[in-house]
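Shown next, in structure tokens, is the structure this report addresses.
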Amino acid sequence: MTATAAPAFRRTTARPGGSALAGTGTLLRFDLRRDRIRIPVWLAALTLGTIMPATAYPALYATAAERQAAGATMNTPAGLAFTGPVHYLSDYTYGSMVSHQLLGFMVIMVGIMSVLMVVRHTRAEEETRRSELVRAAVVGRHAQLAAALILTAAANIALALLLTLSLGSLGIDGVTWAGSLLYGAAHAATGITFAGVAAVTVQITEHSRGASGMGLAVVGAAYLVRAAGDSADSGLSWASPIGWAQQTFAYLDDRWWPLLLNLAAAVVLAGIGFALSLRRDVGAGLRAARRGRPVASRALTTPIGFALRLHRGMLIGFAAGMMVLGMSYGPFLGDVEEMFRDVELFSEAAQMGGATFVDSFITMIMTVLAIVAAIYVVIATLRPRAEENAGRAEPVLATRLSRAGWLASHLTVALAGGSVMILLAGLMLAATGAPTVNESGLFGEIMAASAVYIPALWVTAGLAAALVGWFPRAGALAWLVVVYAGVVGYFGTILQFPEWMNNLSPFGHIPRLPVEDFTWTPLLILTAIAAGLVAVGLYGFRRRDLETK
Amino acid sequence: MTTAIATSGLVKTFGSTRALDGLDLTVNTGEIHGFLGPNGAGKSTTIRILLGILRPDAGSVTMLGGDPWADAVALHARLAYVPGDVELWPNLTGGEAIDLLGRLRGGLNKRRRDELIERFDLDPSKKGRTYSKGNRQKVAIVAALASDVELLLLDEPTAGLDPLMEVVFQDVIGEVKAAGRTVLLSSHILAQVEKLADTISIIRLGKIVQSGTLAEMRHLTRTTIEADTATPVTGLERLPGVHEARVGDGRVRFAVDGEHLDGAIKHLSGFGIRALTSHPPTLEELMLRHYGDELAAETNGNRHGALR
């Protein structure tokens, strides 16, 4: 990078083609400096998230027969939708298991990392007008996007190397070095494809949040497309970048060429991004900003109406996502009975206390839905912190609106919004799932199963609120609740974590309806804890200095 | 005369930085008080303490008879604030932001709002993110001035406004004064404050170093005069209060203390003035003249040397 950038700075009359990239090397080093903690954290989390389950497989499935039995449980539309193509089951080695069960899920995370990274260094910079300063220097018009893409590609390649080295050195039977190399490369190629997606979305809208949202929606859609394709064993999986990664059949067939599709898509998307960027001004989107009302409505100028307006986009977007998520699981409920029936091994684990397989499956999905709803809760609760950071809280708090009233109006949206999220997901799961199962009262059971998670979401909001009130700069620590609940929820039963690890998460105390019986006590205790945390947060916010620019 | 704002011995530290170092500020009811100081002197920190957004580490504050921290909400109903760096909500229009801030303050005068939007030539239907710095500033100014409040806290309110709009702003503040309201107007440009303020306090390194009416401060000001004359000027150096005189071929340039301006101009007119320009002293010149030696000492590493 240094070699290409340095001459561009010295040259007074750069060639027309080269000047568009002038300064890319300098910007790349600058971006790397800004992400010097962020990137290692991502890479470490993604590597650990792969190594932990991979090392657990030999202990859980000691013999080839047990592996085949585990594979057989996957051989249903629902099982394949959650994992990957059916071809993996033809020889279910430990390698095939890693590739089949983990790859599809982990590349979603890689996609999130890539989209956020590209947006952070392009559109977010433009939105804050910092890029004007940068672009006024000897910096080509394509340099910022180029630097962001190179940075993201480099992070992905580093991840591939980490995965290869760590998996290869585990020495697990069937987890070969050659397969590990391809397995890592599949992550990188998919991540780079989603970086290309972000290169396009950052051109469309003026807002970094809108650009991230669109990019992440593409990641989600890619997963859903491959889920639909794999569950029906149809060619639809080939319409998804995540599908391409899985079609490498790392550890099974080790075929490299599907990754060429990922790379080709990345190149085309990046090219579109660069081309679109020429059709707009710095700071502007492709869509022109619309004019609005010259006078505020009555509703806007109440504290809660104002908070709702600021949260509106995120509320609507997330609600739509939760409904799609609920709908995507529902149609498989009818398959579940068949999926588990003949498998003794699984029936012990899954069939708790004489519950039906459908009920066990619903509790499993609910854990996932609740954790996704918790993501919303954390975003919404940290929103007032973002307002404070941007200097927009100060003029509002110079009015008759009290500090507690201002924060409480945001928290109200977060608490109510989080409840709406899990209920909407439950509603769509029930609406699409209940008709496929011949069991009366299932609709109500699913709604109850989603409603019981509300107190856990409130505790999550309460923790984030307490951080905002007392340790505003550590607000992002609230994400640990979600990550922890996610790890325990997703891997806890597979890896048989000890009970205390489950109890550390607010989500671990929720009665798992409809398998377990409903009980008020934990729900009331969690609600009380949530109320206490919110009160602590409000109290702290009232007595600390507002952070000002 | 009653006191609108009184602080004594106000101290505020941010980590190792001492932003306010025993600040004593008094603003009387009904006056326009210029709050002057270079960037980073502690003007914004003072105003934020008055707003109850920051809590002082030591010292006492009384504003409108209350405690800005404890009685924040009650006091906010009686004051309006214009921040120095206005940040708007990207997806709210300017008009919505004005109404929001006004109504949250307890209501705004609709007729006055529309009149101010007209006078400041603001388009209220544009989204916050599309406004330039000057237009964001106008939004905050209109929101503050459209409320019927007793006290205005204005933190460098005209930064980013063009000269035409600055004139409009001065007119509006004149009307505010006529209505008997109190204004605390911070700025780092002396000329701006001079036009509006009855009294001035100069802050430096977190302390008030000068305070009084403009007339009392006149001795601090030194005007720079440049003139073309018909015959070469002589004898200028001997006049009292004249400094740095440079006489060229039919051209003269010198600085003169405020109280000796009259004598210098009378002397000059004897040589046939053809062209005359005068530059009011900037705050920077003023600070440099009175505290220049300390400034020099600071650049040698003594950041918090005591004031003499």
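The values are calculated or read from the model by the stated rules, or taken from the named source; none is laboratory data. Remember, it's a predicted structure, so these values are computed and weren't measured experimentally. Counting neighbours? That spans all protein chains shown, and the Cβs are built from the backbone with ideal geometry, glycine included. The area values use the complete protein model at the heavy-atom level, side chains included, leaving out ligands, DNA and RNA. Shrake-Rupley method; radii C 1.70, N 1.55, O 1.52, S 1.80 Å.
Under a point-charge model restricted to the Cβ atoms of Lys and Arg (+1) and Asp and Glu (-1), what is the dipole moment magnitude of the protein assembly as shown relative to its Cα centre, in debye to the nearest 20? Mind dumping the intermediate values first?
Details: 74 positive and 71 negative charges, 458 e Å.
Roughly 2200 debye for the protein assembly as shown.
Using the Cβ atoms and a cut-off under 15 Å, what net charge is assigned to the surroundings of residue B:64, where Lys and Arg are +1 and Asp and Glu are -1? Show your work: numbers first, answer last.
Working: positive: A:400, B:78, B:105, B:181; negative: B:31, B:67, B:71, B:148, B:150.
Summing Lys/Arg as +1 and Asp/Glu as -1 gives -1.
With the cut-off at 1.5 for a/c, could you classify the stretch A:23-288 from its C-alpha gyration tensor as rounded, prolate or oblate?
prolate
Taking GluC sites (Glu not before Pro) as candidate sites, keep only those in a DSSP loop with at most 16 other Cβ atoms within 10 Å, then name the longest stretch of chain A containing none of them.
In short, A:1-438.
Could you give the nm distance between label points at residue A:286 and residue B:226, where each point is 7 Å from its Cα heading toward the beta carbon?
5.3
Determine, for each peptide in B:59-67, A:151-159, the mean count of other beta carbons within 10 angstrom over its residues, then list the peptides with the highest first.
A:151-159, B:59-67
At a 1.4 Å probe, what is the % contribution of carbon and sulfur to the accessible area of the protein assembly as shown? Walk me through the intermediate numbers first.
On the way: 21920 of 35850 Å².
The C+S portion of the solvent-accessible surface of the protein assembly as shown is 61 percent.
For the stretch B:136-179, rounded, prolate or oblate, judged on the Cα gyration tensor with a ≥ b ≥ c (square roots of eigenvalues), a/c < 1.5 rounded, else prolate if a/b > b/c?
oblate
What shape does the stretch B:72-190 take by its C-alpha gyration tensor, where a ≥ b ≥ c are the square roots of the eigenvalues and a/c under 1.5 counts as rounded, a/b above b/c as prolate, and the rest as oblate?
Rounded, because the longest to shortest axis ratio a/c is under 1.5.
Among residues other than residue B:125 whose Cβ falls under 12 Å from its Cβ, what is the net charge (Lys/Arg +1, Asp/Glu -1)? Write down the numbers at each step before the final one.
Working: positive: A:290, A:291, A:293, B:126, B:127; negative: B:96, B:123.
The answer is +3.
Ordering B:110, B:43 by accessible area with a probe of 1.4 Å, largest first, what comes out?
From most exposed to least exposed: B:110, B:43.
All other residues with a Cβ under 11 Å from the Cβ of residue B:196 taken together, and with Lys, Arg as +1 and Asp, Glu as -1, what is their net charge?
Here the count lands on -3.
Short version: what are the Cα gyration tensor semi-axes of the protein assembly as shown, square root of 5 times each eigenvalue, largest first, in whole Å?
Ellipsoid semi-axes (Å, largest first): 63, 33, 23.
Once both labels are modelled 7 Å past Cα along the beta-carbon direction, what's the residue A:178-residue B:164 spacing in nm?
Inter-label distance under the simple model: 7.6 nm.
Summarise the partner chain shielding of B:124-133 as one whole number: the mean count of Cβ atoms from other chains within 10 Å of each residue's Cβ.
Partner-chain Cβ atoms within 10 Å, mean over residues of B:124-133: 4.
Can you give the accessible area per residue of the stretch A:297-549, in Å², using a 1.4 Å probe?
Heavy-atom SASA per residue in the stretch A:297-549 reads 42 Å².
Beta carbons within 10 angstrom, averaged per residue: use that to sort the peptides A:44-52, A:32-40, A:269-277, highest first.
Going from most to least packed, we get A:269-277, A:44-52, A:32-40.
Over chain A, what is the mean sequence separation of C-alpha contacts under 8 Å (at least six apart), divided by residue count, expressed as relative contact order in percent? Intermediate results must be reported in sequence, preceding the final value.
Numbers: 827 pairs, mean separation 75.3, N = 549.
Relative CO of chain A lands at 14 percent.
How do B:217, A:428 rank by accessible surface area computed with a 1.4 Å probe, from largest to smallest? Walk me through the intermediate numbers first.
Numbers: B:217 10, A:428 40 Å².
The most accessible residue leads, giving A:428, B:217.
If you fit an axis through the alpha-carbon atoms of helix B:283-299 and take the longest principal axis of the Cα set of chain B, what angle between them do you get, 0 to 90°, nearest 10?
90
Would you work out the relative contact order for the stretch A:297-549, in percent, from Cα pairs under 8 angstrom that are 6 or more residues apart?
Working: 343 pairs, mean separation 69.0, N = 253.
Taking the mean separation of contacting Cα pairs over the length of the stretch A:297-549, I get 27 percent.
Modelling each spin label as a point 7 Å along the Cα-to-Cβ direction, I'd like the residue A:298/residue B:111 distance in nm, to one decimal.
Once both label points are built, they end up 2.3 nm from each other.
Taking amide H positions as placed 1.01 Å from N in the peptide plane, with prolines and chain starts having none, which residues 5 or more places from residue B:205, or on another chain, fall under 5 Å of its amide H?
For residue B:205, no residues qualify.
Can you give the calculated 222 nm mean residue ellipticity of the protein assembly as shown, where each DSSP H run of n ≥ 4 adds -39,500 (n - 2.57) and the sum is split over every residue, rounded to the nearest 500 deg cm²/dmol?
Estimated from H runs of four or more residues: -18500 deg cm²/dmol.
So how compact is the stretch B:3-218: Cα radius of gyration and Dmax in angstrom?
Radius of gyration, then largest Cα-Cα span, for the stretch B:3-218: 16.6, 48 Å.
Under a 10 Å cutoff between Cα atoms, tell me which one of B:173, B:53, B:98 has the largest fluctuation in the Gaussian network model of chain B.
Its mean-square fluctuation being the largest, the pick is B:53.
Could you tell me the total accessible area buried at the B-A interface, probe 1.4 Å, in square angstrom to the nearest hundred? Intermediate values should be presented prior to the final figure.
Working: alone 14680 and 24840 Å², together 35850 Å².
About 3700 Å² of accessible surface is lost on pairing.
What is the calculated FRET efficiency for residue A:528 to residue B:265, with r their C-beta to C-beta distance and R₀ = 60 Å, to the nearest 0.05? List each step's numbers first, then the result.
Numbers: r = 80 Å, r/R0 = 1.33.
Rounded to the nearest 0.05, the efficiency is 0.15.
Over the stretch B:222-279, what is the relative contact order in percent, taking alpha-carbon pairs closer than 8 angstrom and at least six residues apart?
After rounding, I find 49 percent.
Which value, in Å³ per residue, describes the convex hull spanned by the Cα atoms of the stretch A:297-549?
Taking only Cα atoms, the stretch A:297-549 has a hull volume of 128 Å³ per residue.
In Å², what does the accessible area per residue of the stretch B:3-218 work out to with a 1.4 Å probe? Before the final figure, lay out the partial values.
On the way: 7230 Å² over 216 residues.
Roughly 33 Å² per residue, with all protein chains present.
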